[in-house]
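Undergrad: Just dropping this structure here.
Read-outs: derived from the displayed coordinates by stated rules, not from any lab. Small disclaimer: the values here were computed from a predicted structure and weren't measured. We place every Cβ from the backbone using ideal geometry, glycine too, and count neighbours over all the protein chains shown.
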Amino acid sequence: MRKNLLKIGLIVALCVGWPRVSPAPVIYRPGEGWETSGEGEVEATSKAQLAKAQKLEQEKKFDQAAVAYRMLVKTWPLSPNSAEAQYHYASCLVETGEPIKAFKEFQKTIEDYPDTPYFNEILQKEYEIGNMFLAGERLRVWSVPTFPSMDKTVEIYQTVIKNGPYSDIAPLAQMKIGFAREKQKNYKAAIEAYENLIRKYPNSDLVDDAQFQIGFAYMSAARAADYDQTATRRAITAYQDYLTRYPKSEKVEQAQADIDKLQAEQARGLFNIARYYDWKNESTSAVIYYNEVIQKYPESDLAKQAKERVEQLNGGPDLGGIETAPAVTQPGNQEKKETVPAQPTDT
């Protein structure tokens with residue numbers, strides 16, 4: 001009997017004391033997902049956990065570092081180390097290709113830890129995430145890329161401005177809102193964004209660029225509407241304001257070149273109206289518009305053609321009539337077009 005008990009005791013001792021290898025346990029944390037204990041297990045103190053996460057981040061193991069930082073915040077939410085861990089958790093998410101999630105976690109850092117010493121860095125990183133989406137970063141649904149969204153881009157920049165309305169980043173974000181709206185071909189909203197920059201940040205170095213972009217947006221709107229005369233006039237006015245205010249700017253030549261193009265289109269519009277009346281044999285109205293071309297754009301090629309036609313209509317040499325209808329809308333509709341096109345969907 002004693003021999004049997006001795007044998008059993010020996011077997012138990014061997015089972016308990018014999019070294020064995022087993023896989024790391026898998027742990028499910030509600031709201032966080034499955035983790036192995038190697039990544040998700042928590043150190044004894046928040047200081048030790050922070051050191052562990054920092055080491056992983058320095059080794060560019062951003063996935064594991066993100067888990068370690070997150071577990072610190074979850075385990076010790078009131079620890080002085082939590083604010084730093086929350087910031088670095090968001091930073092690691094940027095590195096792992098999750099910009100929207102990173103943006104939300106940066107924002108959570110500001111909201112949960114308003115005294116964070118990383119405030120300026122967070123503004124910069126949020127702004128850079130906005131730049132990613134402006135450049136074409138796609139929204140993701142269940143980690144699957146879907147489509148770029150300029151509305152989401154604008155939302156990010158607006159949040160940056162709200163977080164730091166008097167920061168150096170705010171005027172840059174306001175400018176980028178205009179760029180995003182131009183990408184949508186929503187020129188009215190783009191112009192409003194640039195005007196807001198000029199109004200809110202009159203001392204910013206971007207004010208001259210914003211004034212130039214107002215002219216450019218109006219010109220784009222004019223082109224989109226087949227050179228709508230109202231938008232064309234406003235584009236010229238905006239560019240002329242730019243030349244008056246910033247005569248030494250590096251974009252002066254481009255602004256003047258755009259004015260010349262726009263004025264050429266204005267001349268073409270008037271000339272086509274004259275030809276329209278000419279085709280209808282309403283010579284009095286035709287002469288009025290031909291003369292307007294001559295007076296407003298005397299150096300243009302169209303002014304030369306207008307002079308020749310006026311001479312003919314006034315009894316000069318017969319240069320031939322207009323046999324086909326000009327490709328022009330009826331003059332009465334010229335001033336009734338929308339200044340800018342309606343808001344399109346995201347591109």
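Undergrad: What is the distance, in nm, between label points placed 7 Å from the Cα along the Cα-to-Cβ direction at ASP260 and at LYS304?
TA: Result for the modelled spin labels: 1.6 nm.
Undergrad: Please compute the modelled spin-label separation between ASP151 and ASP115, points set 7 Å along Cα→Cβ, answer in nm with one decimal.
TA: 4.0
Undergrad: Could you give the nm distance between label points at LYS47 and LYS200, where each point is 7 Å from its Cα heading toward the beta carbon?
TA: 4.3
Undergrad: How high is the FRET efficiency between GLU311 and LYS183 when r is their beta carbon distance and R₀ equals 45 Å, given to the nearest 0.05? Don't skip to the answer; put the middle values down first.
TA: Numbers: r = 49 Å, r/R0 = 1.09.
The formula returns an efficiency of 0.40 here.
Undergrad: What is the Cα radius of gyration of segment 160-270 over 2.2 N^0.38 Å, N being its residue count?
TA: Against the empirical 2.2 N^0.38 Å value, I get 1.09 for segment 160-270.
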